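First the structure, in the form of structure tokens, and then the observations on it.
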Amino acid sequence: STWGHFSRSVGAVVNARMETSFETHAADTVLSEFRDLVQINEINAILKLQKETFEMYRATNASLGEFNALSQRQLEVTARQLETYTKLLKEMKKDLENVYKRARAVRAKLDAKFPVSS
């Protein structure tokens with residue numbers, strides 16, 4: 001029983017090594033074929049382009065961060081101004097309503113004192 005378990009374990013190790021060896025050989029073959037398809041200078045050009053693109057992305061990201069911070073500050077300033085102007089407009093509306101109310105009262109008194117005859 002112990003001998004059977006041992007032989008199964010050894011068999012599993014041998015099979016695993018054979019599979020690993022096969023996978024390594026297959027990977028080497030694919031890599032070799034890939035190297036034959038793509039020239040090293042093409043790979044270097046692709047890597048250079050990727051690096052340049054990444055640097056552009058980083059610079060753009062930094063610019064957008066600065067823009068967002070500036071926009072946030074401007075939004076806060078504009079929001080305060082809007083609040084101030086809104087309060088001012090409400091006060092002006094009250095004042096105008098008061099002026100029209102007084103004007104109607106004066107007109108009513110004048111109409112009562114000097115009726116218009118037709």
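Could you say which residue among Glu76, Glu91 is open to solvent by 90 Å² or more (accessible area, probe 1.4 Å), without any contact (Cβ under 8 Å) to a residue 60 or more places away in the chain and of a type in the set (D, E, K, R)?
Glu91
Would you be able to tell me the number of residues in the stretch 8-55 that are modelled with pLDDT of 75 or more and outside any helix (DSSP H, G or I)?
Residues flagged as modelled with pLDDT of 75 or more and outside any helix (DSSP H, G or I) within the stretch 8-55 amount to 1.
The values are calculated or read from the model by the stated rules, or taken from the named source; none is laboratory data. Not measured: the values here are computed from a predicted model. Glycine also receives a Cβ, built like all others from the backbone with ideal geometry; neighbour counts cover every protein chain displayed. Remember, those area values only see protein heavy atoms, side chains included, never the ligands or the DNA or RNA. Shrake-Rupley method; radii C 1.70, N 1.55, O 1.52, S 1.80 Å.
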